[in-house]
Every structure is written in C-alpha cells, then in structure tokens.
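Peer 1: My questions will all concern the structure given below.
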Amino acid sequence: MTAQRISGAGTESLLELHFPARADRMVMVRDSVRSAARYCGFDEQTVQDIVLAVGEACQNAILHAYAGCAEGSIVVAMLHGPEGLILRVTDFGQAIDPAAWKPRDLGDLRPGGLGIHFIQELMDSADFAPAPGGVGNVLLMTKKRA
C-alpha cells in the first residue's frame, strides 16, 4: 500500500511537529505520535510499532543527515485516511541515496544500526519521496488499519 492510496478523499491532517534535530526532543515526539495513533483507533501493539518506526526515522535523521549537529530541524507529519496512517519524516540535512537505504545483515551482531530493519518490518510501506527544493530527505511510511 502506498501513501497515495491512503491519501485523498477523507484524509485528514492529525499533527505536524517541527522540532530541533536533537535526541532530547524525542520524548515529546514519541508522546505526540503515540497520542495520535491511539486517536486513530490502533491497538496498543500497533501504536508501539508506529512510535518505534517514527523514533528510528528521526534518530537516523539526527545521526546521519545532520551528523549530530543541533542546528537542523525535523518535521513529523501524520495524516489519517480511510485505510490507515501516512507518516512523513522530513529533514533538511545531508541527502542520502535511497538506493543505499538498506538494513544491515541481522547476523552482524553489534550495537545499533537496526533502525532501517525495524522501520521496514513494522510499517506496511517505507519509501523516500522527493525532498522539498531538493534539500534533505523525506521518508513516507504507511500503516494500514487491521
């Protein structure tokens, strides 16, 4: 299922968060995403999956697009459609090559680096969209209702 399939008639904006690309802001972001997912009627396990996926996407932006520089910003937007949620995580940092966006081998045992794996496993889709003005990265994720 693509974001285009969820969006359209009956789609409403739930929230749009603009925040500094800093790890200390993630508690507030996760709380807001959790509340919005609950509002949409998702069960608690699915709510936790959505929160984890958004958190991993934001952490990847902080660590990779901004390389830990606190001067950047991230925008998380959530849209609620008839079939489920569209989540958009946008940063304005160093663009990545979407073709290189792959999880590492799960047999490679070491701390960290599993964010892409979690996002792909927990969401129904996760794809990059063109960045506004060609700057940064836009990750679109969808989660359909059971």
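Peer 1: Count, please, the residues in the stretch 59-91 that happen to be part of a loop (DSSP other than H, G, I, E, B) and on the phi < 0 side of the Ramachandran plot.
Peer 2: The number of residues fulfilling the criteria is 8.
Peer 1: If you scan the stretch 119-146, which residues turn out to be of a type in the set (Gly, Ala, Ser) and touching a Leu at 6+ places or on another chain (Cβ under 8 Å)?
Peer 2: Correct list: SER125, ALA126, ALA129.
Table: residues versus (1) modelled with pLDDT under 95; (2) in contact with a helix residue (DSSP H, G or I) (Cβ under 9 Å, 6 or more places away or on another chain).
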site: ALA23; (1), (2): yes, yes
site: ARG38; (1), (2): no, yes
site: ILE50; (1), (2): no, yes
site: ALA77; (1), (2): no, no
site: GLU83; (1), (2): yes, yes
site: VAL89; (1), (2): no, yes
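Peer 1: Count, please, the residues in the stretch 117-133 that happen to be more than 24 Å from ARG38 (Cα to Cα) and either in contact (Cβ under 8 Å) with a residue 24 or more places away in the chain or touching a Phe, Trp or Tyr at 6+ places or on another chain (Cβ under 8 Å) (or both).
Peer 2: Here the count works out to 4.
Peer 1: Restricting the search to the stretch 13-37, which residues are of a type in the set (Asp, Glu) and open to solvent by 80 Å² or more (accessible area, probe 1.4 Å)?
Peer 2: Answer for the stretch 13-37, where residues must be of a type in the set (Asp, Glu) and open to solvent by 80 Å² or more (accessible area, probe 1.4 Å): GLU16, ASP24.
Peer 1: Among the residues of the stretch 40-56, count how many are open to solvent by 10 Å² or more (accessible area, probe 1.4 Å) and not acidic (Asp, Glu).
Peer 2: Total meeting the criteria: 7.
Peer 1: Please count how many residues of the stretch 114-145 are closer than 20 Å to ASP97 by Cβ, part of a loop (DSSP other than H, G, I, E, B) and open to solvent by less than 20 Å² (accessible area, probe 1.4 Å).
Peer 2: 1
Peer 1: The conditions are (1) modelled with pLDDT of 95 or more; (2) open to solvent by less than 50 Å² (accessible area, probe 1.4 Å), and ILE6 fails exactly one of them. Which is it?
Peer 2: Every condition holds for ILE6 apart from (1).
Peer 1: So, one more: Just a yes or no: is a residue in the stretch 92-103 within 25 Å of PHE19 (Cα to Cα), open to solvent by 70 Å² or more (accessible area, probe 1.4 Å), modelled with pLDDT of 85 or more and not in a loop (DSSP other than H, G, I, E, B)?
Peer 2: Scanning the stretch 92-103 turns up no residue that is within 25 Å of PHE19 (Cα to Cα), open to solvent by 70 Å² or more (accessible area, probe 1.4 Å), modelled with pLDDT of 85 or more and not in a loop (DSSP other than H, G, I, E, B).
The values are calculated or read from the model by the stated rules, or taken from the named source; none is laboratory data. This structure is a prediction, so every number in the text was calculated from the model and none was measured. Positions of Cβ are backbone-derived with ideal geometry, glycine not excepted, and every protein chain shown enters the neighbour counts. Remember, those area values only see protein heavy atoms, side chains included, never the ligands or the DNA or RNA. Shrake-Rupley method; radii C 1.70, N 1.55, O 1.52, S 1.80 Å.
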